[in-house]
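Have a look at the structure below, then the notes.
The values are calculated or read from the model by the stated rules, or taken from the named source; none is laboratory data. Predicted model, so just to flag it, every value in this text is computed and none were measured. So basically every Cβ, Gly included, is an ideal-geometry build from the backbone, and we count neighbours across all protein chains shown. Ligands, DNA and RNA are stripped out before the accessible areas are found, and what is left, the full protein with its side chains, is counted by its heavy atoms. Shrake-Rupley method; radii C 1.70, N 1.55, O 1.52, S 1.80 Å.
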Amino acid sequence: MNSQSPLANAEPGNTEKGAAPTGHKYFPGWTMLGIAATTQYLSAPGQSFSIAIFKDPMRATLDLTETQYSLAYAAATIVSACLLPFIGHLLDSWGARILLPLTATGLAIACFFMSQIETLTGLYIGFSLLRSLGQGALTLISVWMVGEWFERKRGRATALAGFGSAFSVMTIPFINNWLITHYGWQNGWIFYAATVAICLILPGIILVRNRPEDLGLHPDGIDPNQKIEIEEQDSSKKFKGPLITTTIESWTVRQVLRDPTFWKLLSVITTHSLVGTGLVFHQISLLGSHDVPHNWAIRMMSFQAICATVLMFPAGWITDRFPSRYILFFSMICLSLANLIILTLPALWLVVFYAFFLGLTGSIFRSTATVVWINYYGRMNQGAVRGVAWSMMILASALGPLPVAISVDYFGSYNPVLILFSIMPLFAAAAVWSAHPPRLFKNQDETKSEPVV
């Protein structure tokens, strides 16, 4: 996992001998960004917000309890988490050009398999395929592509790609509900099998390129000589922004695992994943316990996604300009407030603020929490580092629905788990506040970062 990647000698700030001149008028990174956004949108079949809409009709057909369904989801998510470090390593070695079409093909097959399920065992297998290929591999491939093609604009580029995920949350629950109502849940899964195959396999084969260096280009489409001129012009200015580790200073996975900052950052993404997945997976019944109508519960999912979408680009802009730990601290406070609101909910209209805070944390999660790994630890092993971090994040998401289901099945109320979910983000906020950027090399300085143009 720590073997050198093809980027070992491809420092973005230094042109390799023999590389083609950067004479492209159109920067292909924007095409990669569009494909990354589409990939995030179509990772929906393996995401909690999509599976949640299938939950009740599938449980009724298969005659399963809430806990049985949640256990199948949790077991599948654990499988996905175990595979993700391996997928990250393959990404660093093979790139998205190979893995994206392969993964899309596998996800299309998995969706068709879901339409044929008749037993609990089949549900375990189907969920394992969906979570591993959809939520796990496709999402990792998408952010890997953005990380390779953008550096100084990485926060905003990641936010733009994240619009695909936000639009997915906004629209997929309604699409699922319509498909299930008019055609049944089995045909709903067949629809996604066809959609993923058509929209991802051929574009992945024809359009995707792994890295700008493959075309003699550089991240952001900026020639390194232009970077030097900009730095000289602004050398007298101190720009407070995030540390961005250069390629030649990239960390290995072993070095990352020994770094205390890694574990502090991990506390944020695992908390967000566990709490957020638990809330979204059970959102319809959770809001229903406060007499929120079924249709309004689904609309709150869309409103949450609208908030995340509207705030996505501002979150990316802030990510490019301020230390990540402060932004992540703020997101944990918002997550705690969302749980406190739904725990008390003195008036039904306050559910709008609950959705708003979840949307706000989602926008930060898709920008700052996605960018921070490559910014802190470099491009060379970004797939492997993210694979390790995201495997733990997915393990946390596997646990998310279980405490909610147990709270209902054994305590008859959502209050115990909502109290727990209100406290957990506060501990993560305290940890990430002290998560200073790691310095493997002495010349790294968090407070002196080049301006973003």
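So how much slack lies between PHE411 and THR31, counting 0.36 nm per residue of separation and subtracting their Cα-Cα distance, in nm?
Result: 131.7 nm gained on full extension.
Taking θ = phi - 60°, what integer Hz values does the Karplus form 6.51 cos²θ - 1.76 cosθ + 1.60 yield along segment 344-356, in sequence order, with x for Gly and Pro?
8, 6, x, 9, 4, 5, 5, 4, 5, 5, 4, 5, 4
Against the longest principal axis of the chain, how steep is helix 294-319, in degrees 0 to 90 to the nearest 10, with axes from Cα atoms?
Helix 294-319 and the main axis of the chain meet at about 10 degrees.
Per residue of segment 262-267, in order, report the coupling 6.51 cos²θ - 1.76 cosθ + 1.60 (Karplus, θ = phi - 60°) as ³J(HN,Hα) in whole Hz, putting x for Gly and Pro.
4, 6, 5, 5, 4, 4
What list of ³J(HN,Hα) couplings, whole Hz, do you get for segment 140-156 from phi and the Karplus terms 6.51, -1.76, 1.60, once you set θ to phi - 60° and write x for glycine and proline?
With coefficients 6.51, -1.76 and 1.60, one gets 5, 4, 4, 6, 4, 4, 5, x, 6, 8, 10, 10, 6, 9, 5, x, 5 Hz.
Just to compare against my own numbers: the Cα pair-distance distribution for the chain, 20 Å bins, whole % per bin, please.
It works out to 26, 57, 16, 0, in whole percents.
Could you tell me the center-to-center distance, by alpha carbons, between segment 85-105 and segment 373-435 in angstrom?
Here the two parts' Cα centres lie 25 Å apart.
Over the chain, what relative contact order in percent results from Cα pairs under 8 Å that are six or more residues apart?
So the answer I get is 28 percent.
Give me the distance in nm between label points sitting 7 Å out from Cα along the Cα-to-Cβ direction at THR105 and ARG254, one decimal.
In this crude label model, THR105 to ARG254 measures out at 3.5 nm.
If packing is taken as the mean number of other Cβ atoms within 10 Å per residue, what is the order of 115-123, 267-275, highest first? Write down the numbers at each step before the final one.
Details: 115-123: 14.2, 267-275: 25.2.
In decreasing order of mean packing, 115-123, 267-275 become 267-275, 115-123.
Applying a 10 Å radius around every beta-carbon, put 152-164, 290-302 in order of their mean neighbour count, most first.
152-164, 290-302
How much area per residue is accessible in segment 51-210 when the probe is 1.4 Å and only protein heavy atoms are counted (Å²)?
35
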